[in-house]
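The structure appears below as structure tokens.
The values are calculated or read from the model by the stated rules, or taken from the named source; none is laboratory data. Keep in mind it's a predicted model, so treat the numbers as computed, not measured. Note that we place each Cβ from the backbone using ideal geometry, even for glycine, and neighbour counts take in every protein chain shown. Accessible surface areas use protein heavy atoms only, side chains included; no ligands, DNA or RNA. Shrake-Rupley method; radii C 1.70, N 1.55, O 1.52, S 1.80 Å.
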Amino acid sequence: MPPPLNKLDGVLGEGNVAYTAMSGSGTTSGDDPLQTAVWRLRSRACWADAAALLDAATADASLQRAALLVERCLYTEQGWAEAEDALRTAEALAQSDDERGAAACERGQLAYAATLLGVRDRADEARAALGRAAALIPPGASGRAVLDFRRGLLAENLTRSPQAARAAYRRAHAGATAHADPLLLSFTWRHLAGLALREGELAEARHGFSESLRIREELGYLVGTAPALASLADAESEPEASRLRAEAGRLFRLLGGVPTWLARQLAPPAASA
């Protein structure tokens, strides 16, 4: 069964990078206008509005739509039925191994999120789905990096195997670098830094958290910036730590309390007690 939520503060938002190319699209000038609009809505926690822009009649669009709605579940702890429906559509439309692998990767992510957030124990389903994705997505493919990252999440948060998680995150980091996926790099930097922080490697942790924050600010990934600020605060000393947490709290409130789980990390120690 999943651990209590208070054991997961600072971790929950890190499974939300999308499988599809949308993680790297719409973020620079000259990108497709539709993808730019989708990215702007997604980065501001408007996943349903972003998904509504997509024509779910094609395999690529249905996969992207499913990924958006799965991400919403992890950030808001809501919308599970809509994500399941979108995912079934994507699975039905998938024709190639790449498309089937992408759908399996999203299936694994949704099951992981449900387990981690205590909705229902779907850990076996998550492992099986990511295993199917690994059989379908060839090494070196852009989707492989996201798959490696998500397998790292399972190892870190469900299996409790930090060594396996670190190896998976490093593979994902290398893949994100090779395929120039800055958003995924922001996730791998942050999770590698989180492992370093637990081991007392403060300099390494600060560097990783700082890189993650820098990338997210450059991309305009607002919904991911507050968690990045809070994580960096955990590796800093006062008064910088309090300044970072205050800025994280401001963004958190600006986005209407999303991601929901960040409230626990930002709560003052006395309130937490």
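The number of residues in region 92-117 being in contact with a Leu (Cβ under 8 Å, 6 or more places away or on another chain), small (Gly, Ala, Ser) and open to solvent by 50 Å² or more (accessible area, probe 1.4 Å) comes to 0. The condition of being open to solvent by less than 60 Å² (accessible area, probe 1.4 Å), basic (Lys, Arg) and free of Cβ contacts under 8 Å to residues at least 60 places away in the same chain holds for only one of Arg216, Arg206, that being Arg216. Sub-8 Å Cβ pairs linking a first residue in region 139-153 that is open to solvent by 10 Å² or more (accessible area, probe 1.4 Å) to a second residue that is charged (D, E, K, R), at least 6 apart or interchain, are Ala141/Asp98; Ser142/Asp181; Asp148/Arg171, ordered by first then second residue. Once region 106-124 is narrowed to residues that are out of contact with any Phe, Trp or Tyr (no Cβ under 9 Å at 6 or more places or on another chain) and part of a helix (DSSP H, G or I), the residue that is nearest to Arg65 (Cα to Cα) is Arg107. Beta carbons closer than 7 Å, at least 6 apart along the sequence or on distinct chains, pair a first residue in region 90-111 that is more than 22 Å from Arg72 (Cα to Cα) with a second that is open to solvent by less than 40 Å² (accessible area, probe 1.4 Å) and not small (Gly, Ala, Ser) for Asp98/Ile137. Looking across region 16-59, the residues that are buried (at least 18 other Cβ atoms within 10 Å of the Cβ), at pLDDT 55 or above and outside any loop (DSSP other than H, G, I, E, B) come down to Gln35, Val38, Trp39, Leu41, Arg42, Ser43, Trp47, Ala50, Ala51, Ala59. Taken over region 62-83, the criterion of being buried (at least 21 other Cβ atoms within 10 Å of the Cβ) and either outside any helix (DSSP H, G or I) or in contact with an Asp or Glu (Cβ under 7 Å, 6 or more places away or on another chain) (or both) is satisfied by Leu63, Ala66, Ala67, Leu69, Val70. The single residue among Thr159, Thr177 that is under 23 Å from Arg216 (Cα atoms), among the polar types (S, T, N, Q), free of Cβ contacts under 8 Å to residues at least 60 places away in the same chain and exposed (fewer than 15 other Cβ atoms within 10 Å of the Cβ) turns out to be Thr177.
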